[in-house]
Amino acid sequence: MRWQVLGGLGIVAPLLAFAWSTVAAAPSSASAVGSGASGGAAAAKAPTLVSALDHLKKAKAKLESAPDDPEGDRAQALLATDRAIVAVERALGVAPPGPVNASGKGLDGATIAATFAPQKGILEKICFKPYSGGGSASVKIEIMVGASGVVVDATLAEQKGGDARVGRCLLGQAWWWRFPASAGASHAVVPFAFTK
């Protein structure tokens, strides 16, 4: 089973490297492409970014169909691929996909909870298990989500028990969470409770 996941990683690794180098070379692609006036080099990078985004999404689909593995390689590869997709989308100025909240307000607590709930298992593998030491941890991450669904601010609001690295890891991951687009900014405190 693990060879299938590692095979997927072999496909994803060069794509991730390519995506990061492309984004680093054109950090202001979105604004430059939109302006037209000063968009020379950045506009030239846009097709490359679109191509990278397409390949990353195909690689993510392959990883999602691969069997899960106890070592967590698939979960880590999926997380890395998601990060690269978000970075390329930000460089292109593309809002993350998702239903738009038509209420004229930001996201409600139920929508935020439902959106990140599927990630809890992966976050437990990455942020809690390596640092658990046989104990438990309760962590609250405070986030501000922009109208596009991208996290624009994140802080560690509280941590009870567990290694400090658990909270720091969750805080680092919070910047990459993606939510549905809405008509305004949203604020939430996301709780995590892990037990060994």
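The values are calculated or read from the model by the stated rules, or taken from the named source; none is laboratory data. Here the structure is a predicted model, which means the values were calculated and not measured. Here Cβ is always computed from backbone atoms with ideal geometry, including for glycine, and neighbour counts include all displayed protein chains.
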Worksheet item: For the stretch 106-138, what are the residues that are of a type in the set (Phe, Trp, Tyr) and within 15 Å of the chain's Cα centre (by Cα)?
Response: PHE116
Discussion item. If CYS127 satisfies all but one of (1) assigned to a helix (DSSP H, G or I); (2) hydrophobic (A, V, I, L, M, F, W, C); (3) within 30 Å of ALA183 (Cα to Cα), what's the number of the condition it fails?
Written reply: (3)
Discussion item. Residue under question is VAL33, and the condition is that it be at pLDDT below 70 and under 18 Å from SER182 (Cβ atoms); does it hold?
Written reply: no
Discussion item. Pairs please, first residue from the stretch 143-166 and touching a residue at least 60 places away in the same chain (Cβ under 8 Å) and over 27 Å from LYS129 (Cβ atoms), second anywhere and among the aromatic types (Phe, Trp, Tyr) and surrounded by 19 or more Cβ atoms within 10 Å (Cβ to Cβ), Cβ atoms under 9 Å, 6+ apart in sequence or on different chains.
Written reply: VAL150/TRP177; VAL150/PHE179
Worksheet item: Regarding GLY106, is this residue buried (at least 18 other Cβ atoms within 10 Å of the Cβ), free of Cβ contacts under 8 Å to residues at least 40 places away in the same chain and either assigned to a loop (DSSP other than H, G, I, E, B) or among the aromatic types (Phe, Trp, Tyr) (or both)?
Response: no
Worksheet item: ALA114: within 20 Å of PHE179 (Cα to Cα) and exposed (fewer than 15 other Cβ atoms within 10 Å of the Cβ), yes or no?
Response: yes
Worksheet item: Does the stretch 103-111 include one or more residues that are at pLDDT below 70 and outside the structural domain of TRP175 (by TED's automatic domain parsing)?
Response: yes
Fill in: Residue selected from the stretch 144-167 under the condition at pLDDT 90 or above and not in a helix (DSSP H, G or I), by the criterion nearest to VAL189 (Cα to Cα)
ALA157
